[in-house]
Ligand SMILES: [Zn+2]
């Protein structure tokens with residue numbers, strides 16, 4: 001599979017996660033972390049309302065799960081992996097990461113990010129800030145924006161339209 005096809009397929013997984021957030025009245029944003037072999041290491045959805053946690057963004061939830069899984073594997077193998085360093089992984093998310101999530105992506109040393117819709121108000125991957133490609137940091141990320149952008153954006157637009165109509 002060429003990478004554009006892979007990105008489309010992976011975004012489908014992130015979109016499924018995003019839809020699950022609707023059950024808890026959370027803004028529908030979903031993310032997955034793929035390992036070097038393309039296997040899903042972690043997945044997450046926005047759970048801010050469900051958990052009452054302002055940091056429970058889809059990317060952070062997915063990164064935590066992926067790091068946990070890598071750590072378990074490292075313990076089983078007795079290997080050298082530290083568990084938290086998500087080298088060679090790809091993070092796929094339906095909305096452009098915010099400053100917190102972009103920071104977490106840099107801290108996890110994730111080399112590649114694929115995202116769907118742009119967030120003109122708070123995006124930190126090119127819209128408002130560009131934390132992922134900030135030259136003053138020691139880690140740069142390859143960014144693939146606009147993957148299945150329309151589907152990701154419609155999900156959010158419908159969610160907010162539904163909320164407005166209930167006011
Ligand atoms: Zn975020």
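Stokes-Einstein diffusion for region 1-45 at 37 °C, viscosity 0.692 mPa s, with a Kirkwood radius from C-alpha pairs, works out to 301 µm²/s. Taken over region 74-115, the ratio of Cα radius of gyration to 2.2 N^0.38 Å equals 1.34.
Spatially, region 1-41 and region 52-93 are offset by 15 Å when compared through their Cα centroids. Sorted largest first, the spans of the alpha carbon positions of the chain along the three principal axes are 55, 33, 32 Å.
The alpha-carbon atoms of region 112-166 define a convex hull whose volume equals 74 cubic angstrom per residue.
No lab work stands behind these numbers, since they all come straight from the coordinates. This structure is a prediction, so every number in the text was calculated from the model and none was measured.
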